[in-house]
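Data first, discussion second: the structure below is written as structure tokens.
Read-outs throughout are calculated quantities, based only on the coordinates presented, and are distinct from any laboratory measurement. Not measured: the values here are computed from a predicted model. Neighbour counts are summed over all protein chains in view; Cβ atoms, including those assigned to glycine, are modelled from backbone coordinates with ideal geometry.
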Amino acid sequence: MLRYSLVFIFLFFASCIPVKTYSQEKTSLNTVVIDAGHGGKDPGTMGKQAQEKYINLGIALKLGGLIRSNCPDVKVIFTREKDEFIELHERADIANRNNADLFISIHCNSNPSHIFRGAETYVMGLHRSQANLEIAKKENASILMEPNYSVNYNGFDPNSDESYITFTMFQNAFLDQSTNFAATVQDQLKGRVGLDDRGVRQAGFLVLYKTTMPSVLVEAGFLSNPEEETFLISDNGQEFIASAIFRAFISFKKKIESGGKEVIAYNPGIDTQKGKSKIIVTKPVKTQKEIVSGKTEPKPDPPKKTKIQSPVISYRVQFMIYPKDISLHSVKFSGLPDIRMYRHQGMFKYTTGEGKSVEEVTKFLDMAKDKGFKDAFIVAFKGEERITIAEAKRLQSFE
Ligand SMILES: [Zn+2]
């Protein structure tokens, strides 16, 4: 049965693949489609206070505004400009119908652990790690909210590893340029915003696979990390992320329009052009608002960093094991603090609370039991790796 469904999925994607599979290159950048991930009934991932859909929209609109103000020759198209649900295939269709030269999908990341931080930018392709596949699964899961998803995606199951095997064989024909742009975005998010650089990655995203132009999906930070969540919610944070992607856009546009010969670093404050050198450092581009007000570009205010030297030993209270992933905001968990999920031995395991010792988390054990989770017990972690309590205590004795 699996073999037949794989063949079916293969034929489906083969029939849909809209581009030739040899590599292609854009030589001009006149139309860009900016895609704010999720929206409407699909909130995306959630932080303690934030819903991803609003942050994506904020960054997308700011990015589009910067491009419109500074690049009058570029047509900016948004897949959504308000809080509304747009199907994933429609987002790619918008870009294709408008003959876009670049597609930028904006998202925020999350992880059951609050320790993870930083930005990563994806291009379409075969995932090289389970972590990358998990991100694609999470983003693709929004098709489950589309009324005709089984027809529109022909039975593709965003939660099944098998579905991705064939799907990710179809790479975007503009993979080189997608990767190039993705790397520039990462450079800017690191240099301009101060986010940790988690690199350019590949995975099978339904929103990217049908696009017929260079296309990337930016995960602009972790809503599960409290410091990054605060930064991402703030107007200043969104402005800086938009500004970083805008700078990457300018570099990429100049590069492809010069035939890829020039390596251009977009760097504010310096205005030099070194003789025969291929490296050109351009002036900062000011937004119209800044030109009118005479203000300079805002100074970066990156999220504060807590350096973690070695995996932290922690204790949590495990109160539930489930075969499926449940939203951390499920009513099942209401009243319990700091809910997290980790995967262990093929199951989804849910914990509440965290502390540096068994004693510190005993109160969370009492709370879980009071809520009816009578089998709750204390578990230990080294970073995000589940270890025994004895091992945790042994490691702590060396600290
Ligand atoms: Zn997302």
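Counted residue by residue at 0.36 nm each, then reduced by the alpha carbon distance between them, the extension gain from residue 257 to residue 384 reaches 41.2 nm.
A Förster radius of 22 Å combined with the Cβ-Cβ distance from residue 159 to residue 371 puts the calculated FRET efficiency at roughly 0.20. Here segment 156-199 yields Rg over Rh of 1.17, to two decimals, using C-alpha coordinates and the Kirkwood radius. Ranked by the mean number of other Cβ atoms within 10 Å of their residues, highest first, the peptides 374-385, 314-325 fall in the order 314-325, 374-385. Projecting label points 7 angstrom from Cα along Cα→Cβ for residue 28 and residue 141 puts them 4.3 nm apart.
Ordered from longest to shortest, the equivalent ellipsoid semi-axes for segment 56-124 are 24, 16, 12 Å, each the square root of 5 times a Cα gyration tensor eigenvalue.
Eigen-decomposition of the gyration tensor built on the alpha-carbon atoms of segment 313-396 gives equivalent ellipsoid semi-axes of 20, 15, 10 angstrom, largest listed first.
For the listed peptides 123-136, 51-64, a ranking on the average number of other beta carbons within 10 Å per residue, highest first, reads 51-64, 123-136. Cross-linked pairs 356/393; 53/210; 41/210; 26/53; 62/210; 75/210: Cα-Cα separations exceed 19 Å for 53/210; 41/210; 26/53; 62/210; 75/210. Separation of segment 24-81 from segment 142-157 is 23 Å, based on Cα centroids.
Distance between the pseudo-spin-label points of residue 358 and residue 126 (7 Å out from Cα toward the beta carbon): 4.7 nm. What is the dipole size for segment 77-236, taken about its Cα centre, with +1 at each Lys and Arg Cβ and -1 at each Asp and Glu Cβ, in debye to the nearest 20? That gives a dipole near 300 debye. Over segment 313-396, Cα pairs under 8 Å with separation of 6+ residues give a relative contact order of 38 percent. Residue 47: net charge of surrounding residues, Cβ under 14 Å, Lys/Arg +1, Asp/Glu -1, itself excluded? Result for the neighbourhood of residue 47: -2. The H on the amide N of residue 344, modeled in the peptide plane, is under 5 Å from the matching H of 349, each at least 5 residues off or on a different chain.
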